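*Asks:* The following block contains the structure, expressed as structure tokens.
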Amino acid sequence: MIKEFLKKRWPFYLAGILTLIVVDTLQLIIPKFISRAIDGLNVETPDVSLAKLMALGIIGIAVGMFITRFLWRIFIIGNARKFTYEARNLLYDKILSLDMSFFDKHRSGDLMAHFTNDMNNLERMLGPGIVMMVDAVFMSSITLFFMSTSVGWHLTLVAIVPLPIIAIISLIFGKFIYKRSRKVQDTFSDLSGFTEESIDGIRVVKTFSILPKFQEIFADRSFRNFRAMISLIKVWGVMWPLIHFVSSLSYFLTIAYGGPMVINSKITLGEFFAFNNYIGMIVWPLTAFGWVINIVQNGRASYSRILKVLNTMPKVQEPENPVEIGKIKSISIKNLSYSYPGEDRFVLKNVNMFIEEGQLIGIVGTVGSGKSTIVKIISKLYPVERNRVFINGVDINDISSEVVRTKISYVPQETFLFSSTVKNNIAFGVEEFNEMKVKEYAMLSAVHKDIERFPKGYDTVVGERGVTLSGGQKQRITIARALMRDADVYIFDDCLSAVDPETEEQIIESLRRSMQNKTMVIITHRLKVLQDADMIYVFDEGKIVEKGKHHELLENNGLYASMYKKQLIKEEL
């Protein structure tokens, strides 16, 4: 990612480095001008005109430094910002391209840390890090040249004796900084993930009255992050004072060795003054070397975390030459045994199903029997081996995910609404729509009357994740959203559990009447709504233990009949 960016943007970095070198060079000329001014005034007949000329020259240099500093900031820092802009887009696109198995194992808080903390570290590495690196290499080299040409190599060599120790200190401490920076990032990711979960589930937390427990967990994770940060700060706290102590030894040696040289007229007072300025200038590049180590180590840690996501291959592979299909006329499943990626336990065992165009298919069964898994596989949300699932006789692995999910509208158990208007939530995913269609599908899902009672009707803004609505209202709006897509197949995965049985029957019946040419797959625990289903599949422990129409299954007196009788008894009670 970084290599590709540098190949594309190297002219901007080159321009920035060149202007930065110009700034550094101009900066080194100023002590020369001051030296000449001092020497011109430190005589029996002071040359005031020379001092004025040097002062004007310093002002001119300052103007040049102002312009070139502005330019290198535009080129280098602007480039770094451009990188984070492109990298965030790339990371976002990558995350969206991954299948559900990835999100089953990664918390959103961890992923958010990549977009914030990790990206900021990379921006510092490609911005200030490069500036400091150029200063460390060029500024130190050119400063040594100016020092030696001003007063000679003898004083220069004496003064810089302690300075290489700064580079050694930076290298030694850099290893500790890398490890501790990685620890800081990991604990921050853990803390942000828990924080997001706590806020998302605040209603559950308050309902169960376990705020003190969550506060304790948060305090513990926050303390881990604090402890990791303090551990890192301790390294910095030793490194920087040590670097400044070593640099101060250079001033000591300059005064001890260079002072007598001024007294003995081996060098002028102006040259000695300029030399001291150069000592101050060379300390910064060598100190910057330590900063570069720190920034690069932080950047490396963040880059490895981001690359781990970018190098993740989706489990659902897209076909190289996808087969185009028209309207979905049939879905068949043959001898499918399935376990989720990375797990050994089979959630489906030798499943065989066949769905034809226009049918109403019911899927029922015990809790955890694989009902939701089968419809997620049909929607191509999870990978499946070849020759097991077919659409129109074509292996689902040969059809692109986009085509499958465009033609199959899946309504999951978990409802999710965006913080937008009711109208926009229903029309989500549809670029152009008219409000009459929105109302039509809201009526089909029996939520139109509820929406009409909202303060602003269809323009009412729902809270985050739809928290201002009841569970039944959210589910029915989610169904209306699925209907807006005008798909070939609609899958309703127990998505009416929050509405009363009569409303559920009413919705299913109205959908059946108005969408006779559409295929519907309904997972439900309320068996009465499936009385008119064309086929009902009964799941138990990952297997299809029964199949048939409602009356046929009752006559079999098996699991379905037992479940149905229990529901009738509950209704009577």
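The values are calculated or read from the model by the stated rules, or taken from the named source; none is laboratory data. Predicted, not measured: the structure shown is a model, and the values here were computed from it. Here the Cβ positions follow ideal geometry from the backbone for every residue, glycine too, while neighbour counts run over all protein chains shown.
*Asks:* Could you tell me how many of the residues in the range 190-212 are at pLDDT below 75 and surrounded by 13 or more Cβ atoms within 10 Å (Cβ to Cβ)?
*Replies:* 8
*Asks:* Do you know which residues across the range 234-263 are at pLDDT 80 or above, more than 13 Å from Val161 (Cβ to Cβ) and either among the aliphatic types (A, V, I, L, M) or in contact with a Phe, Trp or Tyr (Cβ under 6 Å, 6 or more places away or on another chain) (or both)?
*Replies:* Val235, Val238, Met239, Leu242 - these are the residues of the range 234-263 that are at pLDDT 80 or above, more than 13 Å from Val161 (Cβ to Cβ) and either among the aliphatic types (A, V, I, L, M) or in contact with a Phe, Trp or Tyr (Cβ under 6 Å, 6 or more places away or on another chain) (or both).
*Asks:* When you scan the range 359-373, how many residues do you find that are more than 18 Å from Met563 (Cβ to Cβ) and in a helix (DSSP H, G or I)? Step through it out loud before you land on a result.
*Replies:* First, the residues of the range 359-373 that are more than 18 Å from Met563 (Cβ to Cβ): 359-360, 373.
Still in the list and also in a helix (DSSP H, G or I): 373.
Qualifying residue count for the region: 1.
*Asks:* Going by what's in this entry, would Thr195 be described as free of Cβ contacts under 8 Å to residues at least 60 places away in the same chain and hydroxyl-bearing (Ser, Thr, Tyr)? Walk me through it before giving the result.
*Replies:* Numbers: free of Cβ contacts under 8 Å to residues at least 60 places away in the same chain: no; hydroxyl-bearing (Ser, Thr, Tyr): yes.
When the stated conditions are applied, Thr195 does not pass them.
*Asks:* Looking only at the range 42-58, count how many residues are surrounded by 14 or more Cβ atoms within 10 Å (Cβ to Cβ), free of Cβ contacts under 8 Å to residues at least 12 places away in the same chain and assigned to a helix (DSSP H, G or I).
*Replies:* Selection size over the range 42-58: 1.
*Asks:* Here's a follow-up. Condition check: assigned by TED's automatic domain parsing to the domain that holds Phe12, modelled with pLDDT under 75 and of a type outside the set (A, V, I, L, M). Does Arg180 satisfy that?
*Replies:* In short, no.
*Asks:* Does the range 381-428 hold any residues that are in a helix (DSSP H, G or I) and of a type in the set (A, V, I, L, M, F, W, C), and which are they?
*Replies:* Ile396, Val403, Val404, Val422, Ile426
*Asks:* Can you tell me which of (1) over 40 Å from the mean Cα position of the chain (by Cα); (2) in a helix (DSSP H, G or I); (3) not polar (S, T, N, Q) is the one Pro241 doesn't meet?
*Replies:* (1)
*Asks:* What residue, of Ser247, Ser231, is within 30 Å of Asp24 (Cα to Cα), surrounded by 14 or more Cβ atoms within 10 Å (Cβ to Cβ), in the same structural domain as Leu96 (by TED's automatic domain parsing) and over 22 Å from the mean Cα position of the chain (by Cα)?
*Replies:* Of the residues listed, the single one that is within 30 Å of Asp24 (Cα to Cα), surrounded by 14 or more Cβ atoms within 10 Å (Cβ to Cβ), in the same structural domain as Leu96 (by TED's automatic domain parsing) and over 22 Å from the mean Cα position of the chain (by Cα) is Ser247.
*Asks:* Taking Gly299 as the residue in question, decide whether it is surrounded by fewer than 14 Cβ atoms within 10 Å (Cβ to Cβ), in the same structural domain as Met147 (by TED's automatic domain parsing) and farther than 21 Å from Phe138 by Cα. Don't jump to the end; show me each part of the working.
*Replies:* Details: surrounded by fewer than 14 Cβ atoms within 10 Å (Cβ to Cβ): no; in the same structural domain as Met147 (by TED's automatic domain parsing): yes; farther than 21 Å from Phe138 by Cα: yes.
Spelling it out, it is not the case that Gly299 is surrounded by fewer than 14 Cβ atoms within 10 Å (Cβ to Cβ), in the same structural domain as Met147 (by TED's automatic domain parsing) and farther than 21 Å from Phe138 by Cα.
*Asks:* Here's another thing I want to ask about it. For Lys376, state whether it is closer than 30 Å to Phe115 by Cβ, of a type outside the set (Gly, Ala, Ser), surrounded by 15 or more Cβ atoms within 10 Å (Cβ to Cβ) and assigned by TED's automatic domain parsing to the domain that holds Gly393.
*Replies:* yes
*Asks:* I've got another one for you. Out of all the residues in the range 1-41, which are aromatic (Phe, Trp, Tyr) and surrounded by fewer than 17 Cβ atoms within 10 Å (Cβ to Cβ)?
*Replies:* Trp10, Phe12
*Asks:* Name the single residue that is farthest from the chain's Cα centre (by Cα) among those in the range 63-83 being buried (at least 19 other Cβ atoms within 10 Å of the Cβ) and closer than 11 Å to Leu122 by Cα.
*Replies:* Ala80
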